[in-house]
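What follows is one structure encoded as structure tokens, with my remarks underneath.
The values are calculated or read from the model by the stated rules, or taken from the named source; none is laboratory data. Computed from a predicted structure; not experimentally measured. Cβ sites come from the backbone with ideal geometry, for glycine too, and all protein chains shown count toward neighbours. Quick note on the areas: whole protein, heavy atoms, side chains included, nothing else; ligands and nucleic acids left out. Shrake-Rupley method; radii C 1.70, N 1.55, O 1.52, S 1.80 Å.
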Amino acid sequence: MKDSTLCIHAGYSPKNGEPSAMPIVQSTTFRYESTQAIADLFDLKSNGYFYSRLANPTCGFVEERLAKLEGGVGAMLTSSGQAATLTAVLTIAKAGDHILCSSTVYGGTFNLMAVTFKRMGIDVTFFEPEETDEQVEAKIKPQTKAIFGETLANPALAVFDIERYAAIAHKHEIPLIIDNTFATPILCKPFKFGADIVVHSTTKYLDGHAIQVGGAVVDSGNFDWAKSSKFPEFTTPDESYHGLIYTQAFGKAAFIVKARAQIMRDLGVCQTAQAAFYINLGIETLPLRIRKHSENALKVAEYLSKNEKISRVIYPGLKSDPYYALGQKYMTDGLCSGVMSIELKGGREAGAKFIDNVKLASPEVHVADIKTCLLHPATATHRQLSDEQLKECGITPGLVRLSVGLEDVEDIIADIQQALDKI
């Protein structure tokens with residue numbers, strides 16, 4: 001089935017007399033007729049639900065839908081996008097290990113990598129997009145467990161060269177993890193280009209209506225954990241599950257099962273049935289919304305690129321953008337989502353005044369919403385970063401992140417222009 005059909009039908013197929021709408025299974029636990037049936041669940045010998053921290057039918061429906069959309073063997077919902085990144089990394093890395101990460105990632109991810117993982121004993125090294133393959137490879141250590149990047153960086157809008165970094169990762173027998181939040185599986189399918197694991201903040205376009213925080217981890221099933229010498233925890237007995245060996249018991253789904261059986265079990269970063277229901281409502285209309293977001297954004301970007309008060313429009317859909325070629329390569333029909341960054345000539349003061357004077361658009365700490373919204377990262381999402389770290393993330397004092405919504409594009413442009421007139 002095509003994406004538009006998968007978004008509506010994958011994961012949940014009602015049988016005769018069952019509800020047409022995906023049901024909310026509002027229960028923390030489930031009843032079984034024998035102790036053996038429950039024992040088989042705890043031993044991972046049978047599929048089923050026994051406690052909603054690990055799995056819930058409503059979450060399961062949405063997880064299967066996301067796995068189908070990304071082209072993976074399995075998925076797991078989490079409580080947030082940050083929880084998804086945390087889960088993906090902790091499934092394969094422990095104290096003493098190392099991660100290689102793109103410097104242009106979202107500020108929250110940057111802080112997770114640079115500060116929190118360091119406190120947990122996991123070292124992280126960042127690399128710049130302009131570095132050569134040799135320079136990137138020189139940062140890989142014997143204990144490196146993954147390379148991490150974003151399809152479309154937030155808010156730098158750098159397009160990650162997935163094929164290039166997948167080749168580097170696989171040369172060194174490690175997986176490539178991609179945050180596909182801004183692109184969504186409608187605009188980009190990282191597994192087709194060699195990525196091994198995908199994470200999402202479902203809070204953004206997958207939800208699309210700013211109503212539910214969430215995340216997801218998706219497993220391609222393509223990385224051979226048994227072949228690599230770096231992941232003995234996949235190929236040796238897990239004593240917390242009676243000596244179970246993940247690669248032998250679950251084959252291609254070894255990663256996603258381990259993520260659920262260990263990290264979700266122990267950290268409990270789970271999603272709720274009610275939340276999964278809301279996220280699914282967004283997914284059902286995702287193909288229509290993401291295309292319109294992208295079309296509106298391109299028109300706004302083209303308009304702003306000619307404005308005398310703006311020094312630069314950062315949007316890979318523009319032919320003048322340095323990431324235009326990569327955007328055309330990786331994004332469906334060259335559509336690059338509804339998010340862009342603009343740099344005002346007046347710097348920090350101009351950026352703040354511009355945001356303070358919009359009327360239709362919403363100044364808010366959010367992005368990828370049906371409503372047009374904007375943010376000044378240097379004083380909001382990225383304020384915890386030093387000036388040097390801001391530069392590494394591609395952020396300047398006058399940069400404003402603009403998330404173009406689904407309003408009439410002429411109204412969006414008119415609102416932006418009247419705010420610019422006040423600078």
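Taking Cβ atoms as reference points and 14 Å as the exclusive limit, the residues near LEU344 contribute a net charge of +2, counting Lys and Arg as +1 and Asp and Glu as -1. Other residues whose C-beta falls under 15 angstrom from the C-beta of TYR330 contribute a net charge of -3, scoring Lys and Arg +1 and Asp and Glu -1. For the chain, DSSP calls about 60 percent of its internal beta bridges antiparallel. Segment LYS94..GLN248, full-extension length gain: 53.3 nm, with 0.36 nm per residue of separation and the alpha-carbon distance subtracted.
Only beta bridges with both residues in region 173-282 are counted; by DSSP, about 65 percent of them are antiparallel.
Run down the lysines and flag those whose C-alpha is under 19 Å from the C-alpha of LYS353, throwing out any fewer than 8 positions away in its chain. Those lysines meeting the cut-off are LYS309, LYS345, LYS422.
Taken per residue, the accessible surface of region 3-274 reaches 40 Å², heavy atoms only and a 1.4 Å probe. Separation of region 103-142 and region 7-77, taken as the distance between their Cα centroids, equals 35 angstrom. In order along region 297-312, the phi-based Karplus estimate (6.51 cos²θ - 1.76 cosθ + 1.60, θ = phi - 60°) of 3J(HN,Hα) comes to 5, 4, 5, 5, 4, 5, 5, 5, 5, 9, 7, 6, 8, 10, 7, 7 Hz; Gly and Pro are listed as x. When Lys and Arg each count +1 and Asp and Glu each count -1, what net charge do the other residues less than 15 Å away from TYR106, Cβ to Cβ, add up to? Computed value for this residue: 0. Please report, as a whole percent, how much of the solvent-accessible surface of region 288-421 comes from carbon and sulfur atoms (probe radius 1.4 Å). Here it works out to 50 percent. Compute the angle between helix 57-70 and the longest alpha-carbon principal axis of the chain, please, reported from 0 to 90 degrees and rounded to the nearest 10. So the helix axis and the longest Cα principal axis differ by about 60 degrees. Note on LYS230: aspartates and glutamates with a C-alpha under 15 Å away, same-chain residues under 8 apart excluded, are ASP97, GLU173. Once you divide the Cα radius of gyration of the chain by 2.2 N^0.38 Å, the number left is 0.99. Does anyone have the angle between helix 162-171 and the longest principal axis of the chain? Alpha-carbon axes, 0 to 90°, nearest 10? Once rounded, the angle reads 40 degrees.
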